Each structure stands twice: as structure tokens, then as C-alpha cells.
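Down below is the structure, laid out as C-alpha cells.
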Amino acid sequence: MAVRWAPWALGVLVAVLALGPALGSGYVLRYDMVFVPEPSLRAVLVGADGFPRALPSDAVVAALSAVLPGDVVQSLALGTVFVLGVAGAFRLSTGLLYGWGDVPAAGLAAGAAAGLAYVWNPFVAERLLLGQWALLLGYAGSPWLLAAVARLASLPTGRGRAGVVCALLPAAVGGFSSVILSALTVGPTALRRWRDAGWVLAALVLVSLPWLVPSLTGGATTDPAGVAAFAARADTPAGTVGSLLLLGGVWNAGAVPPGYGEPVTVALRVLLVLVALAGWAWWSWRARSTVAVGLSVSALLGLAVALTGVVAPGFLVALIDLWPGFGPLRDGQLYVAPFALLQSLGLGAAVLWLLGALPPTPASGGGSTGGRNAPVDTEGPPRPAVPAMGRVGAVVFLGLLPVVVLPGLLWGARGGLAPVAYPPDWRETRAAVAADERPGAVLVLPWSAYRGPDWSGEPVVVLDPATKLFDRRTLWNDDLRVGTPDGETVSVTGEDTRAREAAALLDPDPDTGMPTVAPDALPGLLGALGVRYVVVSAPVDLDLSDVDELSPVVEGADIELFEVDDRHVDAESERVAGVVVASGALTLGTLVWAVIARARGVLRPDRDQGR
């Protein structure tokens with residue numbers, strides 16, 4: 001019972017401590033994390049031209065929001081990251097150390113340390129403060145996927161393959177970055193057998209179809225300028241390389257958690273990493289496991305990718321120029337994720353060493369072979385029945401050290417992840433557009449993607465919520481301007497071709513983000529773009545209510561809605577592409593098959609074991 005429930009109980013506790021107020025009523029808005037009331041599934045599936053970054057995470061959110069309030073869906077998504085991550089690393093640690101059956105108390109302590117370290121680190125904190133919850137969902141599923149791949153050789157074929165697909169469910173929801181991290185984390189381990197590698201590759205492709213097919217057919221492009229914008233940066237006195245080794249190094253200074261980078265906490269973080277690496281080396285040498293070798297290779301490859309944008313940016317630019325598919329490599333710090341899993345497992349092994357409880361060796365059929373009920377190795381120094389108080393104190397200190405060195409993640413990043421309510425004007429604007437059955441897109445002004453809305457409490461930078469508020473195609477500026485450490489600004493061109501067309505016609509002012517074309521020409525240009533409504537979601541100097549044939553519908557303090565005269569609008573109903581529906585149906589069918597097959601295997605383990 002302890003092995004079954006302790007990981008989940010610890011995960012819930014950690015989720016509450018980390019998120020705190022973010023789990024309350026209202027919506028947490030920060031950078032890319034934008035949840036809105038009653039999101040439209042159809043609008044997500046219609047999508048935008050270019051790379052379909054909103055698939056399938058926003059589609060899943062919209063589907064769940066049909067039965068649950070939107071803020072509850074957000075709380076579930078954020079909580080799942082921590083609960084799933086803690087439980088996954090906990091179970092992977094105990095499974096590799098003791099097999100997949102009974103675990104002694106020392107093993108539970110090691111698993112708890114591994115689980116806590118996996119979600120309480122700079123990588124998770126910085127990606128959370130960037131609002132990349134979908135990416136973190138895939139990160140949380142990586143330990144489960146690695147465990148499923150490790151057990152492929154010891155389970156019946158059908159059950160083992162179903163387990164791999166089930167473990168890919170978080171990455172499937174998370175989207176392209178989650179799947180890429182999953183592939184990097186388990187790829188080298190899966191190569192131990194060509195049959196396993198082939199199935200893992202097939203499973204990765206099957207769960208990627210909702211975003212992979214549209215990206216291949218939609219003419220997606222990648223701006224090489226993103227290499228300089230998204231390269232890893234130093235967020236500690238240890239420099240860029242040292243920050244990456246400490247699992248930091250995010251490109252956005254606004255995503256660094258409060259208090260991180262102070263000399264004392266950095267020194268303790270260095271100590272924690274060294275202990276974790278020592279524990280990993282000890283366990284790897286002793287177990288001689290293919291998982292140990294595979295994850296070590298994954299971590300090294302990830303660090304190499306993370307450093308490429310720093311030490312060889314020209315090489316990365318050349319790759320992107322050669323093929324836009326190399327674009328995801330721009331965000332270098334992303335790829336330290338396997339190193340984070342390695343460190344968490346190493347910390348668990350260090351705890352086990354401190355307690356003097358040696359794990360099984362390969363010769364005795366231990367966790368490295370994937371056995372279900374591996375016997376405990378009795379070779380080596382005897383294990384004390386009751387560890388000395390000094391050992392227990394050291395274990396408690398080591399287990400809690402991830403929290404001590406990163407207090408900025410506590411309680412919603414010290415209140416930085418506080419939920420807010422959408423003003424009534426925003427809900428009125430959404431309802432007004434939803435009540436109109438005529439086709440036509442919504443244009444969002446000012447022509448800049450990110451805002452600092454005053455109504456969000458303590459203003460934070462966030463992707464304009466108006467870009468996801470409506471039940472129809474939305475045109476907005478998906479270009480991104482990023483400041484560099486030398487004080488320069490890098491502009492990364494967006495991927496939506498219709499948005500670029502709108503910018504070319506409207507010629508928005510770079511300072512105000514409002515169109516500079518003659519007011520009397522504006523309705524005709526908007527109508528030619530297929531725009532029926534214009535939303536102004538921030539205070540601006542230009543009053544569109546003075547423009548003829550732009551009728552005000554909602555005039556609130558926080559948002560304004562204008563309707564383009566119908567005679568100008570040249571729009572057809574947006575339809576979901578058949579290839580998007582087919583690819584999504586195939587992925588959903590694969591996941592349903594895996595869940596059913598896995599459930600049948602769990603309910604009938606004796607029959608499976610006898611095959």
C-alpha cells in the first residue's frame with residue numbers, strides 16, 4: 001500500500017506547496033499561460049497558419065472546459081504537472097533500485113527524494129513562470145515513459161507496448177516540445193533492442209499526428225533569428241554553462257524565480273548537484289543497467305543541444321536555414337530535462353547510500369532487469385536495522401535541500417502565480433461575438449502579442465487573452481521581440497501567414513500598435529482580410545469609434561469591440577481541415593486502445609505472466 005499510494009500523496013502535497021494560490025478560483029495569467037472562460041474547440045481546430053503550437057493542448061483544454069469551469073481545468077492541469085512528476089520519478093527510482101514489486105522503507109525514502117527533486121528545481125520553476133504548462137506536462141510524464149520502455153523486455157508484447165503508449169499520454173497532450181523531450185529522454189534506452197526502438201518511434205509518431213500533420217502540410221517556417229533570442233543565458237554567478245548544469249539558464253530573465261541566483265543558494269545548489277551526480281555514478285556502476293547508460297547518453301545529448309546556441313549559434317542557424325524542422329532546437333535550455341531526471345534519480349541513490357541499504361545487483365535479478373518482484377541482494381556490508389540518527393538527519397536534509405535552495409517556487413512563486421477574474425466587459429465581448437453566426441475573423445489590436453493588463457492584479461507580461469477568447473479565427477501579431485544580454489533587441493518573425501498579410505495591409509505603428517492607414521480605408525482593408533470584428537484590448541490613443549463603418553459593440557474600460565460594416569466583409573465559414581480531424585482521430589484511437597489494453601493487463605496479471 002505504501003508503494004502504491006505514497007508517491008501520489010507526496011505529489012499532492014508538493015503540488016499544494018508549489019502552487020498555493022494558483023489552485024484557487026480565477027485564472028492564472030503569465031506569459032504563454034492563458035486560460036479563458038469557455039474556450040472554443042472549433043476555434044482551436046481551425047487554428048492558424050504555420051506551426052500548430054496550440055494543438056493538442058488547447059484542444060484538450062477546450063474539450064474539458066465543456067464540462068468543467070475553465071479555472072478548474074487550469075488548476076487540474078497545473079496540479080497534474082506536480083503530482084504526475086513526483087509520482088513518476090518516485091516509482092521510477094524504486095523500480096530501478098528494487099524492481100517493480102515490494103520496496104523497503106529505505107527505498108521509499110530514496111523514491112521520495114527523487115520525486116521531490118524532479119519537480120522542485122530551476123528548470124520546472126522557470127518553465128512554470130514562462131507559462132509553459134503543456135511542456136511541463138510532457139516533462140512530468142517522462143519518468144513514466146522511461147519506466148515503460150525499461151519494462152518492454154519483461155512484459156508480454158501487447159501489454160508492454162500499450163504501457164508505452166499510455167505513458168506517452170501526457171506528452172501527447174503537451175504537444176511538440178513535450179514529444180521531443182520524451183524522445184530525447186528514452187531514445188538511447190530504447191535502442192538496446194531494435195524492436196523496442198521501432199515501437200517507441202512508432203508510438204511517438206502516432207501521438208504526434210495532431211500537430212505533425214498540419215505542420216507538414218501548412219508550410220510552417222522558422223525564423224533563424226530565434227537562435228540568438230532563445231539561447232541559454234546565465235541566471236546564476238556560475239555563468240551560462242554552470243547555470244545549465246544547475247538546471248537553470250532560461251532565456252527570459254522575467255522567468256527566473258524570486259531569490260534564485262543568490263551566492264548562498266547557488267553554492268548549496270552546486271552541493272546538491274554534486275551529491276546527485278555522485279549518487280548516479282555509484283548506482284550506475286553498481287547496477288550496470290541499460291537504463292543508466294541510456295539516460296546518461298540522453299542527458300549528455302541534451303546538454304550538448306543546450307550549449308549549441310551558446311557556443312556554435314552559426315551552426316544552428318545553418319541547420320534552420322536548411323530545414324525549418326530544426327527550429328525547436330533554438331530553445332536550448334529546454335533540453336536539460338533528461339539531465340534533471342538523471343539528477344533526481346541520483347539524489348535518490350545518494351539517500352539509499354546514506355542509509356546503508358544497498359539495492360539489488362543485476363546478478364540477483366534486481367531493478368535493472370525490470371523484474372516484478374526482485375529479491376534483495378544481501379551481499380556487501382550489512383544493513384543496520386535502525387539507521388543512526390546522524391544518517392537520518394543527513395537524509396532529511398538532503399531530501400529537503402531542493403526546497404531550501406529554491407524557496408522562490410513556494411506558494412505560487414511567492415504569490416506571482418495569483419489567479420484573477422476576467423472583467424465583465426471581457427465576458428460581454430466574448431458573448432457578443434459568439435451570438436453572431438455570420439462568418440468572419442476577429443482582429444486583435446494593438447498589434448503586439450504581449451500585454452501587462454492592469455486588471456490582472458499585479459501586472460505581469462502575458463500573451464493577450466483576446467487571442468484565445470473567441471469562437472472563431474483570430475488574427476494577432478505573433479512576432480516576438482526579445483531583449484538580449486548586451487542590450488539589443490531581437491525580433492523573431494511569427495509563423496501565421498494571414499497575420500503577416502494583415503500587418504502588411506494595415507501598416508501598424510511600431511510604438512502604438514495601431515493601424516496607420518487612412519481611417520476611411522480601414523473598413524475596406526479589414527473586410528478584404530475577412531475580418532468582421534476588431535478588438536482593442538489595451539488603452540490606445542486612436543479612437544476607432546470615429547471611423548465610419550466601424551460600429552462600436554462593446555465600449556468598456558478594459559476592452560472595446562467594433563464591428564466592420566457587413567458590406568465590406570468578404571469571409572467564408574472557417575472549416576476544420578479533414579486531415580486535422582483524421583490525424584486527431586487516429587491518435588485518439590491509439591490512446592484509447594492503449595488504455596483498454598493496459599487495463600486488461602492490470603486486471604489479469606496472472607494470465608499475462610503465464611504467456
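Read-outs: derived from the displayed coordinates by stated rules, not from any lab. These numbers were taken from a predicted model, which means no experiment stands behind them. Cβ placement follows ideal geometry from the backbone for every residue including glycine, while neighbour counts extend to all protein chains displayed.
Could you work out the equivalent-ellipsoid semi-axes for the chain, taking the square root of 5 times each eigenvalue of the Cα gyration tensor, largest first, in whole Å?
Values: eigenvalues 422, 131, 94 Å².
Three semi-axes, in Å: 46, 26, 22.
Tell me the label-point distance for the pair LEU586, ALA281, using the 7 Å Cα-to-Cβ offset, in nm and rounded to one decimal.
Output for this residue pair reads 4.7 nm.
Cβ under 13 Å from LEU247's Cβ, LEU247 left aside: what net charge do those residues give with Lys, Arg +1 and Asp, Glu -1? Don't skip to the end; give the middle numbers.
Details: positive: ARG127, ARG269; negative: GLU126, ASP235.
Surrounding charge for LEU247 is 0.
Could you tell me which residue out of GLY261, VAL207, VAL173 lies farthest along the dipole of the range 123-262 toward its positive end? Charges go on the beta carbon: Lys and Arg +1, Asp and Glu -1, centred on the Cα centre.
After comparing all options, I get VAL207.
Using 1/(1 + (r/R0)^6) with R0 = 30 angstrom and r between the beta carbons of SER154 and VAL392, what's the FRET efficiency to the nearest 0.05? Intermediate results must be reported in sequence, preceding the final value.
Details: r = 34 Å, r/R0 = 1.13.
Efficiency at R0 = 30 Å is approximately 0.30.
Any idea what % of Cα-Cα pairs in the range 291-353 are farther than 15 Å?
Roughly 57 percent, once rounded to a whole number.
Quote the Stokes-Einstein diffusion coefficient, in whole µm² s⁻¹, for the range 503-611, based on the Kirkwood radius over alpha carbon pairs, a temperature of 25 °C and a viscosity of 0.890 mPa s.
Working: Rh = 18.3 Å.
Translational diffusion coefficient: 134 µm²/s.
Using per-residue counts of other Cβ atoms within 10 Å, averaged over each peptide, order 323-331, 126-134 from highest down. Provide the component values of the computation, followed by the final result.
On the way: 323-331: 19.0, 126-134: 23.9.
With the highest mean Cβ count within 10 Å placed first, the list reads 126-134, 323-331.
Mind putting a number on the dipole of the chain about its Cα centre? Charges go on the C-beta only, +1 for Lys and Arg and -1 for Asp and Glu, and I need it in Debye to the nearest 20. Let's see the in-between values first.
Numbers: 39 positive and 50 negative charges, 954 e Å.
For this selection, approximately 4580 debye.
Helix 497-506: angle to the longest alpha-carbon principal axis of the chain, degrees 0 to 90, nearest 10?
30 degrees
Once you place label points 7 Å from the Cα toward the Cβ at ALA2 and VAL270, how far apart are they in nm?
3.7 nm
Most exposed first by the Cβ proxy, i.e. fewest other Cβ within 10 Å, how do GLU572, GLU501, GLU563 rank? Intermediate values should be presented prior to the final figure.
Details: GLU572 8, GLU501 14, GLU563 21.
With the sparsest Cβ surroundings first, the list reads GLU572, GLU501, GLU563.
Please rank TYR450, TYR335, fewest neighbouring Cβ atoms within 10 Å first, as an exposure proxy. Walk me through the numbers before you get to the answer.
On the way: TYR450 14, TYR335 27.
Exposure proxy ranking, most exposed first: TYR450, TYR335.
Given the DSSP H assignment, sum -39500 (n - 2.57) over each helix run of at least 4 residues in the chain and divide by its residue total; what's the result at 222 nm in deg cm²/dmol, nearest 500?
On the way: 24 runs with 327 residues, N = 611.
That calculation yields -17000 deg cm²/dmol at 222 nm.
Which cross-chain or sequence-distant (5 or more) residues have an amide H under 5 Å from the amide H of VAL553, H modelled 1.01 Å from N in plane?
Under 5 Å from the amide H of VAL553 lie the amide H atoms of LEU561, PHE562, GLU563, each far enough along the sequence or on another chain.
Where both residues lie in the chain, what percent of DSSP beta bridges are antiparallel, nearest 5?
Numbers: 18 of 26 bridges.
For the chain, the DSSP antiparallel bridge percentage is about 70.
Taking other Cβ within 10 Å of each residue's Cβ, how do VAL534, VAL86 sort, fewest first? Before the final figure, lay out each step's value.
Numbers: VAL534 24, VAL86 32.
If I rank by nearby Cβ atoms, fewest first, I get VAL534, VAL86.
Would you mind computing, in nm to one decimal, how far apart the modelled labels at ASP509 and ALA557 are, each placed 7 Å from Cα along Cα→Cβ?
2.5 nm
Hey, can you rank 554-560, 18-24, 117-123 by average C-beta count inside 10 Å, highest first? Provide the component values of the computation, followed by the final result.
Numbers: 554-560: 16.7, 18-24: 20.3, 117-123: 27.7.
Top to bottom by mean Cβ count within 10 Å: 117-123, 18-24, 554-560.
Quick one: which of 485-496, 239-250, 223-234 comes out on top by average Cβ neighbours within 10 Å, and what's the full order, highest first? Intermediate results must be reported in sequence, preceding the final value.
Details: 485-496: 14.1, 239-250: 23.6, 223-234: 21.7.
The peptides rank, most packed first, as 239-250, 223-234, 485-496.
Does anyone have the angle between helix 389-404 and the longest principal axis of the chain? Alpha-carbon axes, 0 to 90°, nearest 10?
Its long axis makes an angle of about 10 degrees.
Near the amide H of ASN477, under 5 Å away, which other amide H atoms are found, from residues 5 or more places off or on another chain, if H is placed in the peptide plane?
Distant-sequence amide H within range of ASN477: SER448.
With an 8 Å cut-off on Cα pairs and a minimum separation of 6 or more residues, tell me the relative contact order of the chain in percent.
Values: 1192 pairs, mean separation 123.7, N = 611.
Computed value for the chain: 20 percent relative contact order.
Over the Cα atoms of the range 424-568, Rg to Rh with Kirkwood Rh, two decimal places? Can you show the working numbers first?
Numbers: Rg = 15.0 Å, Rh = 15.7 Å.
The Rg/Rh ratio comes out at 0.96.
Based on DSSP, what percent of beta bridges with both residues in the range 424-568 are antiparallel, to the nearest 5?
Working: 16 of 23 bridges.
Here the antiparallel bridges make up roughly 70 percent for the range 424-568.
For the range 120-278, count the residues as N, evaluate 2.2 N^0.38 Å, and divide the Cα radius of gyration by that value, please.
Values: Rg = 18.1 Å, N = 159, 2.2 N^0.38 = 15.1 Å.
This ratio for the range 120-278 stands at 1.20.
In µm²/s, what is D for the range 35-171 at 20 °C and 1.002 mPa s, where D = kT/(6 pi eta Rh) by Stokes-Einstein and Rh is the Kirkwood radius from Cα pairs?
Details: Rh = 16.6 Å.
Estimated diffusion coefficient is 129 µm²/s.
Any idea what the relative contact order of the range 424-568 is, in percent, if you count C-alpha pairs under 8 Å spaced at least 6 apart? Numbers along the way, then the final one.
Values: 244 pairs, mean separation 39.3, N = 145.
Worked out over the range 424-568, it gives 27 percent.
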